[in-house]
Amino acid sequence: MLSITAAVEAALGLDWIAVKQRFNMDPADEDATTCATDTIWKYRYAHMTWNLNSVASCTNQQLFEVAVHEYVHVMMGPLKDRILPDEPWVVDLEEFVTETIARSILGLLELA
Ligand SMILES: [Zn+2]
C-alpha cells in the first residue's frame, strides 16, 4: 500500500504536503470505504486511514485509483473545510467532483 501511495505522490508532484498513512482492521461491509482522508491544509498535512479488510480485496490498479481519488480529496481540503457546508447534497457534489478530477488524472497518467 505504501509503495502505491508513494507512486501516486510522485506522479502528482505532491512533495509539498506531508501525508501520513494509517491502517485499521474495521470489518469490510457494503458501507465501508477503502480509505478515509482528513486534511489539515494550513499546515500542508493530511492523513489517510486505509481499511485493510477492504484493501485486501482490491487489485493494485484499484488501489492506485483509490489513492488518486484520496489525494484529490487532500488537494480539495481547504474548500471542504472553509467553503463547502456539510450538507448531504454538498458531500455528494464533492464526491462527484473529486472522482471526476481523479478520473481525468488517471486518463492523463495513461497518456504519459
Ligand atoms: Zn471520496
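The numbers here are math on the coordinates, done by the rules we state, and not lab data. Everything numeric in this text was worked out from a predicted model, so none of it was measured. Counting neighbours? That spans all protein chains shown, and the Cβs are built from the backbone with ideal geometry, glycine included.
Sorting the segments 68-78, 14-24, 43-53, 95-105 by their mean number of nearby beta carbons within 10 angstrom, highest to lowest, gives 68-78, 43-53, 95-105, 14-24.
Taking amide hydrogens as placed 1.01 Å from N in the peptide plane, the amide H of F23 sits under 5 Å from those of W50, each at least 5 positions away in sequence or on another chain. Pair-distance distribution of the chain: all C-alpha pairs, bin width 5 Å, starting at 0; shares per bin in whole percent are 2, 11, 21, 24, 22, 14, 5, 0. Farthest toward the positive end of the dipole of the chain, out of F96, P85, L12, is the Cα of L12, where the dipole comes from beta carbon charges about the Cα centre.
Seen from I4, the other residues with C-beta closer than 14 Å to its C-beta sum to a net charge of -3, counting Lys and Arg as +1 and Asp and Glu as -1. Out of all DSSP beta bridges in region 2-111, what portion is antiparallel? Express it as a percent rounded to 5. Of those bridges, close to 45 percent are antiparallel. Candidate membrane-span-like segments in the chain, meaning DSSP H helices with Cα atoms spread over at least 18 Å of their own axis and a Kyte-Doolittle mean of 0.5 or above, are 88-111, with no membrane implied.
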